[in-house]
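Report on one structure; see the data block that follows.
The values are calculated or read from the model by the stated rules, or taken from the named source; none is laboratory data. Quick caveat: nothing in here was measured; it's all calculated off a predicted structure. When we count neighbours, we look across all protein chains shown, and the Cβ atoms used for this are built from the backbone with ideal geometry, even at glycine. Protein only, heavy atoms only, side chains kept; ligands, DNA and RNA dropped before computing areas. Shrake-Rupley method; radii C 1.70, N 1.55, O 1.52, S 1.80 Å.
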Amino acid sequence: MLFLYNIIVQIANFSLKIVALFNPKIKLFISGRKPVFEILKEKIKPSDKTIWFHAASLGEYEQGLPVIEKIKEKYPTHKIIISFFSPSGYEVRKNNSIADVTIYLPLDTKRNAAKFITLVHPDLVFFIKYEFWPNYLNQLRKDEIPTYLISGIFRKNQIFFKWYGGFYRKALETFTYFFVQNEVSKKLLLQMGKTNVAISGDTRFDRVASILEKDNSIDFISKFKNDTLTIVIGSSWPKDESLLVSFINQTSHKVKFIIAPHNIKSEQIQELKNSISKKVILFSEKENKNLADFDVFIIDTIGILTKIYSYADIAYVGGGFGNPGVHNILEPATFGVPIIIGPNYSHFAEATALVHLEGCISISTKLELLDAFSNLIANDAIRHEKGHICSTFVQMNKGATNCVLKQL
């Protein structure tokens, strides 16, 4: 099966180069990988000590950040290498300040894996949540490099637990230790004969809890809010916005809205702006404007949503009408904000838990959205109670990072 897997990877590599001619994201995926080995040769000397972290995309990077920060403190003479698989992770965090080298991970071929690991020559390796690349893992095992999975999640329908997944099960032998998020993951690994496993929880709770210790103030958001009850809509998609715009246009409540869409392409931002009948200002148009005069603020930039959540009285987190589902709800939760999401959240343990605890409300229709917003706007006690549930949930689930460090 590994032989067949390697053939498929080679076919995918060829196909992606063709698709890249027509798809900007795939073009980044291909072009960003071309200089990787030269970058490694330039920035890592054979005498350097290194630690390598791999994240699939932005979410996994943020999830692993608490561990990366602590490992950097614990091993101050080591260079930190962070690799990404996805352009949506690399392009956003390629200029991060914590890593000495941030790169794309070359495709999982035997040659790439051997060359990459030879150039990086890590003392420790951490894979965040998932992304199990057989050739990389086989090479790490061959070189006897300690390798850890942090915030891992396993499900019964994954290839490891299928009759044809033997080569993937073999790759898991690389891991020195598995730090998983829940009991289900631990049981599945135990059934496979893996005893080097601990339930550490999710390191994302440590990351979002630490946000409270930072300066989250944004002057222009304060001016826009102007002491008015504010709903922050984060990572919204068109399916979310079709419901939200209807509410924004019709509501008579004294409330302001900040919208940070998932996609900030200019044509989609303009379409969203044009669909709103109230006074709208874009982030890119804010200079020399009296922001307090506007009802809706559309954030057509990236990187500031987390801080914006600190100004929310109510949050709506998008993605819940798509697949795989809702985006990160822990960032507004850590600020003690009640949250509304769409119906697709079952793949996300934190969303499922917060819906069960009633700190988060799941809606499927315009009427349900209207009822949820109206109830939270009109009733301070309910709004504060649900917000308290959210912040307490985050605080109660901290500690995954310390679990990893203690085992190390």
**OP:** Pairs only if they're at least six apart or on different chains, beta carbon under 7 angstrom, first in the stretch 263-280 and under 23 Å from HIS253 (Cβ atoms), second among the charged types (D, E, K, R) and not in a loop (DSSP other than H, G, I, E, B); list them, first residue then second.
**Re:** LEU272/GLU241; LYS279/ASP293; VAL280/LYS273
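Residue-wise test of (1) modelled with pLDDT of 95 or more; (2) open to solvent by 20 Å² or more (accessible area, probe 1.4 Å); (3) not assigned by the TED database to the domain that holds ILE314.
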| residue | (1), (2), (3) |
| --- | --- |
| THR174 | yes, no, yes |
| PHE178 | yes, no, yes |
| LYS187 | yes, yes, yes |
| ASN226 | yes, yes, no |
| THR230 | yes, no, no |
| GLY234 | yes, no, no |
| ASP240 | yes, no, no |
Original post:
Being over 26 Å from the mean Cα position of the chain (by Cα) and not hydrophobic (A, V, I, L, M, F, W, C), is that true of even one residue in the stretch 308-321?
Top reply: no
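Go through the stretch 192-220 and report how many residues are touching a residue at least 24 places away in the same chain (Cβ under 8 Å) and either more than 20 Å from the chain's Cα centre (by Cα) or buried (at least 17 other Cβ atoms within 10 Å of the Cβ) (or both).
Qualifying residue count for the region: 16.
Starting from residues that are small (Gly, Ala, Ser) and open to solvent by 40 Å² or more (accessible area, probe 1.4 Å), keep the ones in the stretch 373-407 and report whichever is nearest to GLU69 (Cα to Cα). Can you show your working first?
Within the stretch 373-407, the first condition is being small (Gly, Ala, Ser), and the residues that meet it are 374, 378, 381, 387, 391, 399-400.
Still in the running and open to solvent by 40 Å² or more (accessible area, probe 1.4 Å): 378, 381.
Numbers: ALA378: 42, ALA381: 38 Å.
Among them, the one singled out is ALA381.
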Original post:
Does any residue of the stretch 45-60 turn out to be in a helix (DSSP H, G or I), farther than 14 Å from LYS94 by Cα and open to solvent by less than 10 Å² (accessible area, probe 1.4 Å)?
Top reply: no
Original post:
What number of residues in the stretch 15-35 are modelled with pLDDT of 90 or more and loosely packed, with under 12 Cβ neighbours inside 10 Å?
Top reply: 3
Subject >> Selection within the stretch 242-277 - of a type outside the set (A, V, I, L, M), open to solvent by less than 30 Å² (accessible area, probe 1.4 Å) and under 22 Å from LYS307 (Cβ atoms) >> reply: LYS256, PHE257, PRO261
Original post:
What's the number of the condition LEU16 fails, among (1) in contact with a helix residue (DSSP H, G or I) (Cβ under 7 Å, 6 or more places away or on another chain); (2) touching a residue at least 60 places away in the same chain (Cβ under 8 Å)?
Top reply: (2)
**OP:** Determine whether the stretch 255-273 contains at least one residue that is in a loop (DSSP other than H, G, I, E, B) and at pLDDT 95 or above.
**Re:** yes
Original post:
So which of LYS94, LYS115 ends up being of a type in the set (Lys, Arg) and either buried (at least 22 other Cβ atoms within 10 Å of the Cβ) or at pLDDT below 95 (or both)?
Top reply: LYS94
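Taking the stated definitions as given, is GLY336 closer than 21 Å to TYR61 by Cβ, part of a loop (DSSP other than H, G, I, E, B), assigned by the TED database to the domain that holds LEU369 and of a type outside the set (S, T, N, Q)?
Working: closer than 21 Å to TYR61 by Cβ: no; part of a loop (DSSP other than H, G, I, E, B): yes; assigned by the TED database to the domain that holds LEU369: yes; of a type outside the set (S, T, N, Q): yes.
Here the answer is no, as GLY336 does not meet what is asked.
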